[in-house]
Amino acid sequence: MPLSRSLLASAGRTVLGQAPLLTRTLLAFLMASSALRAQTPNPVLDLKFDEGSGTTAADSSGHNNNATLIGNAGWTTGIIGPFALSLPGTPGSYADIPIDVVDTTKSFTVSAWVKLNNLNGYQTFVSEDANFQSAFFLQKRGDSQQFSFTVPYDFFTLPQSGFTPLTGTWYHLAGVYDTAAQSASLYVNGVVTDTIYDVVSSPANGHTGIGHGRFNNTYVDWVNGAIDDVLLFQAALTAPDILKLAQAGNPSLTGPGPVEPATLQIDAGHPGAQVDPMFYGLMIEEINHALDGGLYGELIQNRVLKDDPTTPVHWSLVEGGGGAGSIALDTTQPVSGTALTTSLRLTVDQGQRVGAANDGFFGIPVKPFTTYRASFWAKAAPGFTGPLTLDIESSDGSSVYALAQVPQITTDWAKYTVLLTTHSVSPTETTRFVVSTGNPGTLWLTQVSLFAPTYHERPNGNRIDLMRKMAGLKPGFLRMPGGNYLEGNTIDQRFEWKNTIGPLEQRPGHESPWGYRSDDGLGLLEFLEWCEDLHMQPVLAVYAGYSLNSTHINPGTDLKPYVQDALDEIQYVTGGVNTPWGAQRAADGHPAPFPLKFVEVGNEDFFDGSGSYEGRFAQFYDAIKAAYPNLKVIATTGVASRTPDVLDEHFYETPRSMERDAHHYDNHTRTGPKIFVGEWAAQEGRPTPDLNAALGDAAWLTGLERNSDIVIMEAYAPMLVNVSPGASQWPTNLIGYDALHSYGSPSYYVQKMFSRNHGDVVLPATLTESGGSQVFESVTRDSRYGTIFLKVVNAAGDVQPIHITLNGVHGVLPTGKAVVLTSASPQDTNSLGDPKKVVPLTKRADHLGESFDYSFAPNSVTVLEIDVGHEHPEPADEGSDDGG
C-alpha cells in the first residue's frame, strides 16, 4: 500500500530539520547521493540549485542545459545541498531552460524534491512545453489536491499520490514514462503510488520549465514553495533506481513493504444492510456508436440521408458492365406526411448495372445461412419502373452473398420490403449493401434499411450477441436514455422523446453530442422493450433544462413546458390505455404499462455554473411528486431547495485511485438521500480495460456492495464501444465489438462475477492487513439458502494469504467453489483477436470451515462460495456470455 500521510510527513519533517546544517551527516548524504547516482543511467539534466545567488542554475549532467531564474525566483535552504530554488507563486517567477531536454515520445524520468508553502490551486514543479499544453506535468493538482504525474493523452493520464501533501514538508517526486510498457508512474518518497498503462506520450517542442506548467497556450500553475535536485533521464528508471534517488535526500526511506498475511473476521451472526435486487445495473449513452452502429440492429449507416447536408456520406456510386450514372442528395422530393425530407437520387444513363452502395457501420456483417430483412422507400421518375436488385456483396463487388429483387416501383412514394438469405459463406464484414438496376431512368430512395435477426425477433430490435452479453450480467436496471445524449450539445439537440416514438418514418432523428447523428430508430419505446427483454427496470432520465453548451432554461414559466413534457413521458411509460400517453403507447404496439420506480432529473448538472439547478430541480420534483407520489426522484448534484430521494454520483479515476477510494462510503452520512453511483470506471485500457483496471473496478465494487444500505444502485460507464477505426470517442469501455464480433473486457467479467454471485444481506467483516498488502473485500449471504459469498480483490503482485474466521455460523461444509479472475500480467486484456485471454475460472475450494486459511492469487479477483450445509443453487459459468 502507499505510504501513509503520517509516515510521509514524519520523514519530511526529520529531513527538514537537518537541512540547514552542513554537518558531517549532511556531507555523508552528499557522498551517498553521488555514489547512488553512479548506479543509475546518466541524467540529461541535473540541476542541484546549489549556487545560492545569481540568476543561473548550472546543469551538472555535462549537457549544458543550464536554467535561468526569471521574475522573483530566488534561493532558499535545500534538502540535499545547501540551497534550493525558491518560488513565490506569482506569475512569471520560475526557472527556464530554452529547450525540451528529453524526447517525451521515448522513455523518460523526471524527479525533484519539492516543498510547498501553500496548497492553493495547481502547482507544477517540472514540465516541458508542447503545443497548447505541457507534454507532462510533475505537479500538485488543484482538483484532487494530490501530487500527480500528468501526461496528456486523449484524456489526461493522472497517476496520483493518493494523499494531500503537507505544507513545509519535503517530498521526493518522480514521474516515469515507459514506452515499452506504455505506462506512466508516479513515485513519492521512493514508493510507487500509481501506475497507468496504455499511455502514449505526445512530443514536447518547447522550453523546459521549473515552477510552472503550460495550458491553453499560457504558462500557469505557479509554484509557491521550494524545488531542489531536478533530474531528467532519457530512460525509464526502475523502482530501485527511484528509491536510491529518494534515499540520497533521506537515507531512512525504505521503499514498499512486502505482502504480509492478513486476517478477515466475518460476523455471520449479525447481518447488516439489505442488498437491493436492482443494485447491479446498466447505463447507456450514445457514444462510441453504442446504439447506431452497435446495439440497435440497423445495418445501414445514414439510412435517411441526413448525416451530411451536402454529401451522401456512406453511400457511393456503383457502375458495372459499362454502366454510367450518378447519385446525389435531393431535398425536393419529400415523402408526404413523414419526417423523410431528404432522399438519394439515382440516375442511370446507360449500362448493365448502376446502383448505390452503402458501407454500413464499418461493414455489413455477413454470416452463413442467415436471413436479412431489407426495406426502403422508393419513387420512380416517369418512364422508369424497375426492376431493382438488392444484394449484400464484397466491398469490391466480386462476390455476392445474398440477393433479392423488387420487380417494379411506381412514380409514387411507397415502402418495399424483401428478404435476402445467405448460404454456406464464410463470415465477413468487408462488405457493402447495394441497390441497383440495369435500366436507364431516375429513381429516389430514402430510409433504406437492413436488419439481421434480432434478439427475441423484434422487427426493430437489437443485436443478439450484445443483448446476450448484457443478459449475462443479470442487470437490475437500465439508466436511460443516456447522460450527455439526454442533454444534447444544445437545447434543440436534446433527446426529445416524442420525436422517437411511432413509425420510423415519423422520426426525424437528431445530432448526438459525440460527433455523429442518431436516426432515433432506438427510441423511447425500444429502450423500454430492451428493459423488458432483459427483465430489468428502467431508470428514466428526463431532460431538465440544461444542455452541454451551458445553456439552460430558467425555472418558472420558461421551464413549465419541459416539466410537462417529463410528466407526459412518465405517463407514456406507466399510464393505462385510458390516459392520453398510455393510449399512444398502446397505439405504438405495447398496451401494457412498464414498471417504473425512479426518475432522474437531468444529467451532471454540477456543470451548470448558473446555479439554476436548485430551482429547476425543485420545479420538477414538486410536479413529479404531485402526480406520482410513489416515484423516487434522483438529483444529479447536491441541492438544498428540495431533499431528493436519491443522489447520482459519478467517478472516473485511475485503477489505483479507485482502490484507494474503496472505502469512500464507509463513513458516509446515513441521514440524507440514498446514493446511485450512476457512472463510474477505472480509466485504463483502450478501447476496453485491462486486468489492472478490472482490479480497480473490483476494489471499488467491494466498497459499494459493503455499503448497500446507502448505495442502492451502480452502473459502469460507458458500456459499449465499436472498436472499428474511427468509431469510438471514449478510451475505456466495458464491451467491445465490430460489425461481426464482440467480446467482454476483464471489467465485464468483474461485473458478471459480482452481479451473479451475491446474497441479499451484507455480513459485517473486519480486515486486518499490513506491509505491501492491497486487499479489498465484501461479504454477503443468501438468506434463503444460507450461502455466503466472499469477494476478495488482491491488487498486489504477490500471493496474499488470509486467515478467515466465520463467527456466528456452524456447519460450514469443507468444500465450496471459487471463481477467480487473474492473468500473468496486470496489462493483459481481451480483444477481438483474443476475446478470452482474461476470463474467470471456476474451481473447487477445499479445506473451508468456521476458521480456515486461503491464499489469493496475485492480481486477482476471487469469489468464494461458502456453503453452510443448506441446499443452494448452482452458479452460472462465469466464462459464458449467454444470458438466455
Residue check, residue 514 aromatic (Phe, Trp, Tyr), in contact with a Leu (Cβ under 9 Å, 6 or more places away or on another chain) and buried (at least 18 other Cβ atoms within 10 Å of the Cβ): no
Residue within region 299-315 that is assigned to a strand (DSSP E or B) and not hydrophobic (A, V, I, L, M, F, W, C) present: no
Residue, nearest to residue 275 (Cα to Cα), within region 762-790, restricted to residues that are assigned to a loop (DSSP other than H, G, I, E, B) and open to solvent by 50 Å² or more (accessible area, probe 1.4 Å): 783
Subset of region 67-101 [open to solvent by less than 40 Å² (accessible area, probe 1.4 Å) and not in a strand (DSSP E or B)]: 73, 78, 79, 80, 81, 89, 92, 93, 101
Scan of region 519-562 for residues that are at positive phi and among the small types (Gly, Ala, Ser), ordered by number: 545, 550, 556
In region 120-141, residue most open to solvent (accessible area, probe 1.4 Å) [restricted to those that are free of Cβ contacts under 8 Å to residues at least 40 places away in the same chain and not aliphatic (A, V, I, L, M)]: 141
Residue satisfying condition, being polar (S, T, N, Q), over 28 Å from residue 513 (Cα atoms), in contact (Cβ under 8 Å) with a residue 24 or more places away in the chain and touching a Gly at 6+ places or on another chain (Cβ under 7 Å), within set 410, 442, 431, 385: 431
One residue from 454, 431, 442, 417 being of a type in the set (Ser, Thr, Tyr) and under 22 Å from residue 535 (Cα atoms): 454
Search result, residues across region 628-638 that are open to solvent by 30 Å² or more (accessible area, probe 1.4 Å), in contact with an Asp or Glu (Cβ under 8 Å, 6 or more places away or on another chain) and either in a loop (DSSP other than H, G, I, E, B) or not basic (Lys, Arg) (or both): 637
Checking residue 299 against (1) crowded, with 22+ Cβ neighbours inside 10 Å; (2) within 16 Å of residue 355 (Cα to Cα), the condition it does not meet: (2)
Lone qualifier among 659, 614 - being surrounded by fewer than 24 Cβ atoms within 10 Å (Cβ to Cβ) and either among the acidic types (Asp, Glu) or under 24 Å from residue 702 (Cα atoms) (or both): 614
Enumeration of residues in region 104-157 that are among the charged types (D, E, K, R), assigned to a strand (DSSP E or B) and either modelled with pLDDT under 95 or over 22 Å from residue 249 (Cβ atoms) (or both): 128, 129
Per-region count, region 142-160, residues without any contact (Cβ under 8 Å) to a residue 24 or more places away in the chain and among the hydrophobic types (A, V, I, L, M, F, W, C): 1
Residue among 699, 795 that is crowded, with 24+ Cβ neighbours inside 10 Å and in contact with a Leu (Cβ under 6 Å, 6 or more places away or on another chain): 795
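The rows are residues; the columns are (1) in a loop (DSSP other than H, G, I, E, B); (2) open to solvent by 10 Å² or more (accessible area, probe 1.4 Å); (3) on the phi > 0 side of the Ramachandran plot; (4) among the charged types (D, E, K, R).
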{"residue": "703", "(1), (2), (3), (4)": "no, no, no, no"}
{"residue": "708", "(1), (2), (3), (4)": "yes, no, no, no"}
{"residue": "712", "(1), (2), (3), (4)": "no, yes, no, no"}
{"residue": "721", "(1), (2), (3), (4)": "no, no, no, no"}
{"residue": "724", "(1), (2), (3), (4)": "yes, yes, no, no"}
{"residue": "727", "(1), (2), (3), (4)": "yes, no, no, no"}
{"residue": "732", "(1), (2), (3), (4)": "yes, no, no, no"}
{"residue": "740", "(1), (2), (3), (4)": "yes, yes, no, no"}
{"residue": "747", "(1), (2), (3), (4)": "no, no, no, no"}
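Of the residues 195, 263, which is touching a Ser or Thr at 6+ places or on another chain (Cβ under 6 Å), more than 30 Å from residue 72 (Cβ to Cβ), open to solvent by less than 30 Å² (accessible area, probe 1.4 Å) and outside any loop (DSSP other than H, G, I, E, B)?
195
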Search result, residues across region 266-298 that are within 21 Å of the chain's Cα centre (by Cα), outside any loop (DSSP other than H, G, I, E, B) and not aromatic (Phe, Trp, Tyr): 281, 282, 283, 291, 292, 293, 294, 295
Output for region 266-286, where each listed residue is over 30 Å from residue 858 (Cβ atoms) and in contact with a Ser or Thr (Cβ under 8 Å, 6 or more places away or on another chain): 271, 273, 274, 276, 286
Residue 841 under 30 Å from residue 453 (Cα atoms) and open to solvent by 60 Å² or more (accessible area, probe 1.4 Å): no
Residue in region 305-323 that is open to solvent by less than 10 Å² (accessible area, probe 1.4 Å) and closer than 25 Å to residue 722 by Cα present: yes
Answer from 163, 215 - the residue that is in contact (Cβ under 8 Å) with a residue 60 or more places away in the chain and open to solvent by 40 Å² or more (accessible area, probe 1.4 Å): 215
Single match in 676, 651 (criterion: surrounded by fewer than 20 Cβ atoms within 10 Å (Cβ to Cβ), in contact with a strand residue (DSSP E or B) (Cβ under 7 Å, 6 or more places away or on another chain), more than 24 Å from residue 820 (Cβ to Cβ) and not aliphatic (A, V, I, L, M)): 651
Subset of region 511-530 (residues that are in contact with a Lys or Arg (Cβ under 7 Å, 6 or more places away or on another chain) and either free of Cβ contacts under 8 Å to residues at least 60 places away in the same chain or more than 26 Å from residue 464 (Cα to Cα) (or both)): 511, 520, 523
Meets criteria (within 24 Å of residue 134 (Cβ to Cβ) and either part of a loop (DSSP other than H, G, I, E, B) or at pLDDT 95 or above (or both)) for residue 50: no
Selection from region 366-388 of residues that are closer than 13 Å to residue 416 by Cα and under 43 Å from the mean Cα position of the chain (by Cα): 373, 374, 375, 376, 377, 378
Test result for residue 692, in a helix (DSSP H, G or I), closer than 30 Å to residue 148 by Cβ and either open to solvent by less than 50 Å² (accessible area, probe 1.4 Å) or not charged (D, E, K, R) (or both): yes
Filter result (of a type in the set (Phe, Trp, Tyr) and either modelled with pLDDT under 95 or under 11 Å from residue 268 (Cα atoms) (or both)) within region 759-788: 785
Out of 589, 521, sole residue that is surrounded by 17 or more Cβ atoms within 10 Å (Cβ to Cβ), over 24 Å from the mean Cα position of the chain (by Cα) and over 28 Å from residue 677 (Cα atoms): 521
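The values are calculated or read from the model by the stated rules, or taken from the named source; none is laboratory data. Since we're looking at a predicted model, the values are computed, not measured. Cβ: placed from backbone, ideal geometry, glycine included. Neighbour counts: every protein chain shown. Just the protein is used for accessible areas: all its heavy atoms, side chains included, with ligands, DNA and RNA removed. Shrake-Rupley method; radii C 1.70, N 1.55, O 1.52, S 1.80 Å.
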